[in-house]
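> Let me give you the structure first, and then I'll get to my questions.
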Amino acid sequence: MATVEQTEGTAATAPHGQGADGVRRRDFLNIGAVTAAGVGAAALVYPLVNQMNPTADVLALASIDVDVSAIQPGQAIKTIWRKQPIFIRHLTPAEIRDASNVDVSDLRDPETLADRTAEGKPQWLITLGVCTHLGCVPLGTAEGENRGEYHGYFCPCHGSHYDTAGRIRRGPAPLNLEVPEYVFLNATTVRIG
Amino acid sequence: MGFPWAQEYQPKSGFMRWIDQRLPLPRLVYGAVGGGYPVPRNLNHFWNFGVLAGVALAIQIVTGIVLAMHYNANADTAFASVEHIMRNVNQGWFLRYAHANGASFFFIVTYIHIFRGLYYGSYKAPREMVWLLGLVIFLLMMATAFMGYVLPWGQMSFWGAKVITGLFGAIPLVGEALQTWLLGSFAPDQSTLTRFFSLHYLLPFVIAGVIILHIWALHIPGSSNPTGVDVKGPQDTVPFHPYYTAKDGFALAIFMLLLAAVIFYAPNYLGHADNYIPANPLATPAEIVPEWYFWPFYAILRAFTVDFILPAKLWGVIAMFGSIVLLFFLSWLDPSPVRSGNYRPTFRIFFWILIVDVIVLGYCGGKPAEQPYVMISQLATIYYFAHFLIILPILSHVERTLPLPNSISESVLHGEAEEAAPYGTPSRGAQPQPQPQPAH
């Protein structure tokens, strides 16, 4: 039992297992064992945390292809992407003009229409249908719905008004409607995500 | 709790002192599994298995909570949701294999823990309550494991549920009504699955509660030890921390290595292939076998083939439950004052025969109900009951036991009489050694 009765106080006599620098062999073993256990525990935490991330079947639906050929200028459709509504609006030339004539520096979230549409396709406004205030679905896609004072979208929950480029103009929402990543595969098909 | 020489908790900082004065939880932990719990200095590795069982329960609770986030307790989608866990959930295959094999390892360490208690007489006075609470935990474990096995809703899940609840159907008069009540239907169905899921989630926390009582009851007399001799003084003990935390840590590392080996290299070895077939109420599997940890009891159940006053089926059920119930009376069936099998040469022989007997029962329980397995099961069942009801009571009266050491330290130190002298007895000049303290 000699080894267990060593204490730091006996360093002067340098008992068995203790070097001149006062570090005992057992200190090395302790640090090594606890480190190995810590690495093991961290490795086990990873799957326990990561299992809460989206599963493979959810990620498999992470991008969708949408045929936009039937959407006439002035019309909009609502579709679902990653379990969230997506608005696809075919802007009329007048709406494009209105959106482009706004002084960007006056906006709460300054972006031009060109920033928010694909190059060469300014007539296609594709945004998430999720109000940036508290996540309601704004009105304005269907025929006859309230499109707000700026003729884009209107969120009925707390009265946020979006313009024809989906930019926030009045109301509590802090940001413009989010534009997802998308590419046009051909003239009529767009891949979102 | 514990011995008078147990170290008192000393808060190391002002903050811990502040906590300790308002909620002495650190003090409780220190006295339960820290430096404040004196433990016999001579424990061997068979004393690791209680801690290992506790860790196994923790693994089951953690992996189980996580699996419940993805599992769907619906008869139409349960099987698919388990496959969803295996294929789609990030590392879901690992979590499910850890849970399924974790259950097997929980039983492995618990069986070793139980047989440790049988060999070293841990069920004897003054630790009867520890033993009784342990049996309660064991019964809760079996109920939890059975209901957990039903949840994947494969063929073995469905037919296992049917057979096991059918055991209650064997009870005269109320049996059928009881079975229907347990299932919530006339065969395992949506209602069965939902209630089993609810209880499978609940019972582990009940087990955790009974474990706290188990440890509380243990700490009244303190841990037993391989000699079975009572602790006589500070020279017989060492503090739980760091001595047994280190020893348990070593055992835990081995345990985790073995569990990992099974999870990663043979994850389905302990399971049954038929449970990867979705439950089909219209097609019974060729043979219905429970999980391996129930095999000895399953063999006892099937050992009764002849009606004698009562139907054979009822005898099987009575014997199966009786095989566990009689363990509740073990402390009184074996009144020998010598605890440890090390000092009971005849008991030791019968103990090892019992081990072989239970292994034989387990082997037969995993085989189809045909000869020669039925005959072997019958003989092994007779021996099982004879061991506890006839051999142990007689043995405890007639056995000539070996001389016990005077104290734990004497048995450890072999002949160093002065150092090993019982605490408080006058010895030639030497003072009793204090309990060794860890280096801080």
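Quick note: the coordinates plus some simple rules give every number you see, no bench work behind them. Since the structure is predicted, the reported quantities are computational estimates derived from the model, not experimental observations. Here the Cβ is made from the backbone with ideal geometry for all residues, glycine too, and neighbour counts use every protein chain on show.
> I'd like the GluC sites (Glu not before Pro) in segment A:87-134 restricted to DSSP loop residues with at most 11 other Cβ atoms within 10 Å, sorted by number.
A:Glu119
> Something else now. Based on the Cβ-Cβ distance from B:Ile254 to B:Phe205, what FRET efficiency comes out when R0 is 35 Å, to the nearest 0.05?
0.80
> Let me ask something additional. Any chance you could count the Lys pairs in chain B whose alpha carbons are under 26 Å apart, treating pairs 8 or more apart or on different chains as valid?
7
> Okay, moving on. Provide the FRET efficiency to the nearest 0.05 for the A:Thr79-A:Val45 pair, computing r from the beta carbons and using R0 = 41 Å.
Numbers: r = 38 Å, r/R0 = 0.93.
Working from the Cβ atoms, E equals 0.60.
> When the Cα centres of segment B:137-192 and segment B:232-258 are compared, how far apart do they sit, in Å?
40 Å
> Right, next: Return the inverse of the average 1/r over all pairs of distinct C-alpha atoms in segment B:1-60, which is the Kirkwood hydrodynamic radius, in Å to one decimal.
Hydrodynamic radius (Kirkwood, Cα pairs) of segment B:1-60 is 13.5 Å.
> How about segment B:154-219: which chymotrypsin sites (Phe, Trp or Tyr not before Pro) there lie in a loop by DSSP and see at most 11 other Cβ atoms within 10 Å?
Loop-located and lightly packed - B:Phe186.
> Under the definition of partner shielding as Cβ atoms of other protein chains within 10 Å of a residue Cβ, what is the mean value for peptide B:83-96?
Mean number of neighbouring Cβ atoms from other chains: 4.
> Given the rule -39500 (n - 2.57) for each run of at least 4 DSSP H residues, summed and divided by the residues of the protein assembly as shown, what is its mean residue ellipticity at 222 nm, to the nearest 500 deg cm²/dmol?
-15000 deg cm²/dmol
> Same structure again: Compute the distance in nm between two label points, each set 7 Å from the Cα along the Cα-to-Cβ direction, one at B:Phe264 and one at B:Gln190.
Taking the two extended label points, one gets 4.3 nm.
> Considering all alpha-carbon pairs of the protein assembly as shown, what whole percent are spaced by more than 31 angstrom?
Values: 132933 of 200028 pairs.
The answer is 66 percent, as a whole percent.
> Enter the Cα centre distance for the pair segment A:119-148 and segment B:271-294, rounded to the nearest angstrom.
When both Cα centres are located, 54 Å separates them.
> A follow-up question, please. Around B:Gly166, under 13 Å between beta carbons, what's the net of Lys plus Arg minus Asp minus Glu among the other residues?
+2
> Take the Cβ-Cβ distance between B:Ile355 and A:Thr189 as r, set R0 to 60 Å, and report the resulting FRET efficiency rounded to the nearest 0.05. It would help to have the intermediate numbers written out before the result.
Values: r = 71 Å, r/R0 = 1.18.
Working from the Cβ atoms, E equals 0.25.
> So what's the net charge close to A:Gln84: Lys and Arg +1, Asp and Glu -1, counting the other residues with Cβ under 15 Å from its Cβ?
Details: positive: A:Lys78, A:Arg82, A:Lys83; negative: A:Glu178, A:Glu181.
Local charge sum for A:Gln84: +1.
> Shielding by partners for A:29-40, please: the mean number of other protein chain Cβ atoms within 10 Å of each residue's Cβ.
Mean number of neighbouring Cβ atoms from other chains: 1.
> Let me ask something else about it. Taking all pairs of different Cα atoms in chain A, averaging 1/r and flipping that mean, what Kirkwood radius in angstroms comes out?
21.1 Å
> Per residue of segment A:85-94, in order, report the coupling 6.51 cos²θ - 1.76 cosθ + 1.60 (Karplus, θ = phi - 60°) as ³J(HN,Hα) in whole Hz, putting x for Gly and Pro.
In residue order, the calculated couplings are x, 10, 9, 10, 10, 8, 6, 7, x, 5 Hz.
> Please give, to one decimal in nm, the separation of the simple spin-label points placed at B:Thr401 and A:Ser100, each 7 Å out from Cα toward the Cβ.
It is 10.1 nm.
> When the gyration tensor of chain B is built from Cα positions, what are the square roots of 5 times its three eigenvalues, in whole Å, from largest to smallest?
After scaling each eigenvalue by five and taking roots: 43, 29, 18 Å.
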